[in-house]
Amino acid sequence: MNPVFAKLPTTIFEDMSARARANGAINLGQGFPDTDGPEDVRQAAADAVLTGWNQYPPMRGLPELRAAIGDHYAAHQRLSADPETDILVTSGATEALAASILGLVSPGDEVIIVQPAYDAYAPLVRQAGGVPRFVSTRPPGWKLRAEDLETAVSDATRFLILNSPHNPTATMLDAADLALLADFCVSHDLIAICDEVWEHLIFDGAEHKPLITMPGMGDRTVKIGSAGKIFSLTGWKVGWAIAPEPLAAATAKTHQFLTFTTPPNLQSAVAYGLGKDMSYFTDMRAGYQASRDRLATALRDGGYAVLSSAATYFLLIDLPASGIDLDDRAFALRLVEEFGVASIPVSALYEIDAVATAIRLCFAKDDATLDAAANRLIEARKALA
Ligand code: PMP
Ligand code: GLN
């Protein structure tokens, strides 16, 4: 068996969803909305299954989807990418991560990963023969510090994997962070692999600026996105990578032997969806923001210390500041087994020096579910604080 993967536990997301099912709990663990995304996008997929193309599409993605991705980012993020050479459609962002990491990282390359980190990054780096170098961030602000980046970098460092907006901390890089990171990548000649799947799930009027648009970054960045997040259809697994031609070509070479293609009917529906009016995107954000505020207010009223959430489907609870003297995993297990709410203990997303004082809750649920979950969480705090 391949030790890189075989030695790993089942992911925390799958683990917690299984515990939610076993305990009949409300599942605020794994991040998925309980309402499917826009009906017109789903209708476009259904139409494409019945009347469209159901055989292998082009390896790099349907031309109409690659063009739609290019137009979408030009309109939303002032990014220009050539659909012919710079855009690759993949089976979810997960495959874009796999194809770019396996396609670009060579044995011995060091790769900086910011903790807490989405769980796919380090195993993929190791499978490529690379060596993860972890930089940690800590609550409450989870700020990346220049000195930590400088300590992690060496002559062997070739890549930096970034995730903004960030899962699980619900933070976003600001203009100063982007300037720091661009300068860091340029001065150490690093390639940035930017996981931006949460780019549209941003609140309070924020704007997402991709690192690839910063000075010096256009020829050294792979930007990764996912339709699952943009359209509240997480099971669709349609993603993409945008990168300058040599990086996109190496990623496409790997994609050929991972999945080769992605279902054409879903691609065609995503092409339609990416062209939706600005109002779809602003309304979607407003809806999730209202859910965030509903859950945060109920939990704060019930005595919880809730960290601020700028983006994603998630908010974090600070356990010690809420008067709870259990580590995150112990609390999450008691919460799901005794009080019927599944969450994600943030320490599961660290490999070293874990912060074990916060749990992540997904607020992409209807009001009644959020209210019921908040009541159960408040009961748990009364019993455990
Ligand atoms: N990266 C991050 C940071 C994520 O949160 C997720 C899933 N929520 C993914 C990648 C995977 O995206 P996809 O489902 O499109 O593979
Ligand atoms: N990205 C989702 C989350 O953070 C989970 C994806 C998965 O289950 N692997 O909850």
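The values are calculated or read from the model by the stated rules, or taken from the named source; none is laboratory data. Quick caveat, the model's predicted, so the values are computed rather than measured. Please note: Cβ atoms are built from the backbone with ideal geometry, for glycine as well, and neighbour counts cover all protein chains shown.
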* Asked: So which residues in segment 141-165 are β-branched (Val, Ile, Thr) and either within 16 Å of ligand 1 (Cβ to nearest atom) or under 16 Å from residue 192 (Cβ atoms) (or both)?
  -> 153, 157, 161
* Structure fact -> Picking from 138, 126, the residue that is more than 16 Å from ligand 1 (Cβ to nearest atom), touching a residue at least 60 places away in the same chain (Cβ under 8 Å) and part of a helix (DSSP H, G or I) would be 126
* Across segment 54-74, what is the number of residues that are exposed (fewer than 13 other Cβ atoms within 10 Å of the Cβ) and either touching a residue at least 40 places away in the same chain (Cβ under 8 Å) or assigned to a loop (DSSP other than H, G, I, E, B) (or both)? -> 3
* Asked: Going by the conditions given, is residue 331 of a type in the set (Phe, Trp, Tyr), assigned to a helix (DSSP H, G or I), touching a His at 6+ places or on another chain (Cβ under 8 Å) and modelled with pLDDT of 95 or more?
  -> no
* Would you pick out the residues in segment 6-40 that are in a helix (DSSP H, G or I), of a type in the set (A, V, I, L, M, F, W, C) and within 15 Å of ligand 1 (Cβ to nearest atom)? -> 12, 13, 16
* Among 178, 149, which is the only one that is away from ligand 2 (no atom under 16 Å from the Cβ), part of a helix (DSSP H, G or I), within 26 Å of residue 82 (Cβ to Cβ) and in contact with a helix residue (DSSP H, G or I) (Cβ under 7 Å, 6 or more places away or on another chain)? -> 178
* To do: Six or more apart or on different chains, Cβ under 8 Å: which pairs go from a residue in segment 216-236 that's surrounded by fewer than 24 Cβ atoms within 10 Å (Cβ to Cβ) to one that's of a type in the set (Gly, Ala, Ser) and part of a loop (DSSP other than H, G, I, E, B)? Could you list them?
  => 232/37; 232/364; 234/31
* Asked: Limited to segment 83-94, what total is found for residues that are buried (at least 24 other Cβ atoms within 10 Å of the Cβ) and within 16 Å of ligand 2 (Cβ to nearest atom)?
  -> 2
* **Among residues of segment 31-52, those that are within 15 Å of ligand 2 (Cβ to nearest atom) and of a type outside the set (D, E, K, R), counted** => 3
* Structure fact -> Per the filter on segment 196-247, residues more than 16 Å from ligand 1 (Cβ to nearest atom) and at positive phi are 204, 205, 216
* Residues of segment 311-326 satisfying the condition of being in a loop (DSSP other than H, G, I, E, B) and surrounded by fewer than 17 Cβ atoms within 10 Å (Cβ to Cβ) -> 323, 325
* Take residue 286 and decide whether it is small (Gly, Ala, Ser) and within 16 Å of ligand 2 (Cβ to nearest atom). => no
* To do: May I ask you to list the residues in segment 327-349 that are under 19 Å from residue 167 (Cβ atoms) and either surrounded by fewer than 16 Cβ atoms within 10 Å (Cβ to Cβ) or of a type in the set (Asp, Glu) (or both)?
  => 328
* Mind checking which pairs have a first residue in segment 3-18 that is of a type in the set (Phe, Trp, Tyr) and a second that is within 10 Å of ligand 2 (Cβ to nearest atom), Cβ under 8 Å, 6 or more apart or different chains? -> 13/29; 13/30; 13/31; 13/119; 13/344
* Asked: If you check 332, 380, 374, which single one turns out to be more than 19 Å from the chain's Cα centre (by Cα) and over 19 Å from residue 19 (Cβ atoms)?
  -> 374
* Looking at 104, 28, 8, which one is within 16 Å of ligand 2 (Cβ to nearest atom) and crowded, with 22+ Cβ neighbours inside 10 Å? -> 28
